[in-house]
Amino acid sequence: MSEVKTYPIINNPQYEPHIDEDTYHRMYQQSVLDPDKFWSRMAHQFVDWFEPWEEVSNVDFNKAEISWFKGGKLNVSYNCIDRHLKDKAEQTAIIWEGDNPEQQRYISYQELHDEVCRFANALKARGVKKGDRVCIYMPMIPEVGYAMLACARIGAVHSVVFGGFSPEALKTRILDSDCQVLITADAGVRGGKQVPLKANADEALSSCPNVHTVMVVKSQNADIAWNEQRDVDYNEFKKDMEAECTPEVMDAEDPLFILYTSGSTGKPKGVLHTTGGYLLYTAMTHKYVFDYQDDDIYWCTADAGWITGHSYIFYGPLANGATTLVFEGVPNYPSTSRFWEVIDKHNVSIFYTAPTAIRALMAAGDEAVTKTSRQSLRVLGSVGEPINPEAWEWYFNVVGEQRRPIVDTWWQTETGGIMISPLPGATPLKPGSASRPFFGVQPALLDVDAKELDGAANGSLVMKHSWPGQMRSIWGDHQRFYDTYFSQFPGYYFSGDGAERDADGFYWITGRMDDVLNVSGHRMGTAEIESALVLHPAVAEAAVVGYPHDIKGQGIYVFVNLMQGQQGSEELKSELVAHVAKEIGPIAKPDKLQFADDLPKTRSGKIMRRILRKVAEDDVENIGDTSTLAEPAVVAKLIREKL
Ligand code: WTA
């Protein structure tokens, strides 16, 4: 790694950064030498508490028991809204930019307060109480934020399901956490095309007998079916709702939300985050990682259905009283200049997006960027997958004109907030490196024997100590929480990622070490896609692996063994691809599908994915040892028949 280019810290003459390099090192030392003292100080600084906590932290990784600020009382919606009203009632809290470039809305903190209170009262009017789970299946309109904050206000636990997921995927998530209320819209719109959210919800709910209420936000004038008993037209219903709702007093360790994410085995896991630690961690990382300043206009392009949307469109920025932009559309509609035009239109100063979008826009050519001004920009961010140095350089040189630092932020649904990242005024930049740990984060690299590696090294990325934003459990399955994250390396939290550390102590994430794919920044379990495929009557067996993809980072490669008597054909291929989209959602569509009479298996019948990966990657020279296969000839046939 010694040949890597390093860019010095960029000093912006107009801003004194919150954290410079010396401050980083000093605060980092404090944060790891006496974590409780450090976090206690931060918790006073970033969060308003109704009552103080009894103990700062109580953590036992050997039992997967984690608590922060237990006994402390607070409300997240109060912290994100009410406490700002004194100074910022008229300041814009949310800028909404429609899919259609002619549509925008500006929501002040006072309006946000009123809208969230009305939504909270509407939920109460339909019987929602503290601790109840509420599912949110929404497009990127301000109401998705109102709904989330309304749940937080009354102590209900939200479970946001990405609007691109299928009815089947929505159903499983509703059932797993027993949501009895669903909040949705008539339809969404992305890139000019409607997404039939209500119709999908209707289909999902035919198998969810406990759902008694569906709040429908009509935003597209879509033609929808209506169930008088169950469905509520939110815009009508809210007219009778008061714009005041007293925030529920919550314990720091009360659940705030569940968010489903994919693992290497089994069904998606309901990652559980709680109230106090999560809020503190997202607020603090938002301020320091983006060097957020009072006059910034901040834009994170994620969807509310992912953790990035939760932590860095809504909770972190709003806790800091920021102006946050909510974008309904896509990067290439109406043209590939859209991102940059939105930046100019709203004077965005902090811009946070994903490598897959950067690569796609890079492929569209520089002119789409250079014809825009981007003068307002100050800080650029990246999240979701490793950013390749070419894409980093393009982002830095063409978008940022070498004047804006890029914060390449490594973190996970499970970590609640950013864990490893440069800080704009404190960290030299190395393209492709997420660089150094955030305050309180204590990463280590382990070898296969669970031994901690020193200095420059490559190994499994673990955490030695808890941080307030850490997930607390898997909904309904605490044992699985322990098994997934704490059993492989006892005493550590295991991220599932591999990483390399260079001689300067900078981290380079090398990617997942398990059977989880990262396709366009979306996490997907290979097992989930395989399970979807074998539901199809023509499929006997399926094996899914990732392969390098120029734009998506990873593509989905599927090997399908058909039932006796079935013939592989182009029609069947399309049918199977459509079938996966129906079972999970369009994001899980296989990029390549190969019919195979036989899959390489060990003598005990286990599919050897290592070999399939090599076939999919076109790296057949390095296929390695095939002598343990039950039938080594299978491999040659697969290679011969490769697409
Ligand atoms: C990957 C998204 C390299 C990683 C916030 C992680 C990254 C998974 C980066 C979590 C990054 C995320 N560099 N890899 N900057 N950010 N990842 O839960 O493999 O959707 O484990 O959270 O994305 O994905 P998730």
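Placing unit charges on each Cβ (+1 for Lys and Arg, -1 for Asp and Glu) gives the chain a dipole about its Cα centre, and among A252, I313, F339 the Cα reaching farthest toward its positive end belongs to A252. The residues packed around H579, meaning those with a beta-carbon under 13 Å from its beta-carbon, carry a net charge of -2 if Lys and Arg are +1 and Asp and Glu are -1.
For region 43-500, the antiparallel share of DSSP beta bridges with both residues in that region comes to about 50%. For Y78, the accessible surface of its heavy atoms amounts to roughly 70 Å² (probe 1.4 Å, protein chains only, rounded to the nearest 10). Using the Cβ of M419 as centre and a radius below 13 Å, the other residues enclosed give a net charge of -1, where K and R count +1 and D and E count -1. Across D598, D36, the residue with the most accessible area heads the list, and the full order at a 1.4 Å probe is D598, D36. Extending 7 Å from Cα along the Cβ direction at A633 and again at E90 yields two label points whose distance is 8.3 nm. Exposure check, 1.4 Å probe, all protein chains in place: L182 carries approximately 0 Å² of accessible surface. Label-to-label distance, V4 versus N58, with points set 7 angstrom from Cα along the beta-carbon direction: 4.0 nm.
Just the number: Rg to Rh for the chain, Cα atoms, Kirkwood Rh, two decimals. Here the Rg-to-Rh quotient is 0.95.
For the set K601/K637; K70/K130; K73/K464; K5/K464, the pairs lying more than 21 angstrom apart at their alpha carbons are K73/K464; K5/K464.
Each Lys and Arg Cβ is given +1 and each Asp and Glu Cβ -1; about its Cα centre, the chain then shows a dipole of about 460 debye.
By the Cβ distance rule (another cysteine Cβ under 4.7 Å), the unpaired cysteines of the chain are C80, C151, C208, C300. For region 424-494 and region 10-86, what is the separation of their Cα centres, given in Å? Rounded to whole Å, the Cα centres lie 19 Å apart. Accessible area per residue (1.4 Å probe, heavy atoms of protein chains only) ranks R133, R436 as R133, R436, with the largest value leading.
What separates the Cα centres of region 263-309 and region 152-173 is a distance of 17 Å.
Roughly speaking, to the nearest percent, how much of region 520-641's 1.4 Å accessible area is carbon and sulfur? Let's see the in-between values first.
On the way: 2910 of 5870 Å².
That share works out to 50 percent.
Note on surface exposure: T246, T415 rank T246, T415 by accessible area, highest first, 1.4 Å probe.
The values are calculated or read from the model by the stated rules, or taken from the named source; none is laboratory data. All values reported here derive from a predicted model rather than from experimental measurement. Cβ sites come from the backbone with ideal geometry, for glycine too, and all protein chains shown count toward neighbours. Side chains are part of the model used for accessible areas, which takes the heavy atoms of the whole protein and leaves out ligands, DNA and RNA. Shrake-Rupley method; radii C 1.70, N 1.55, O 1.52, S 1.80 Å.
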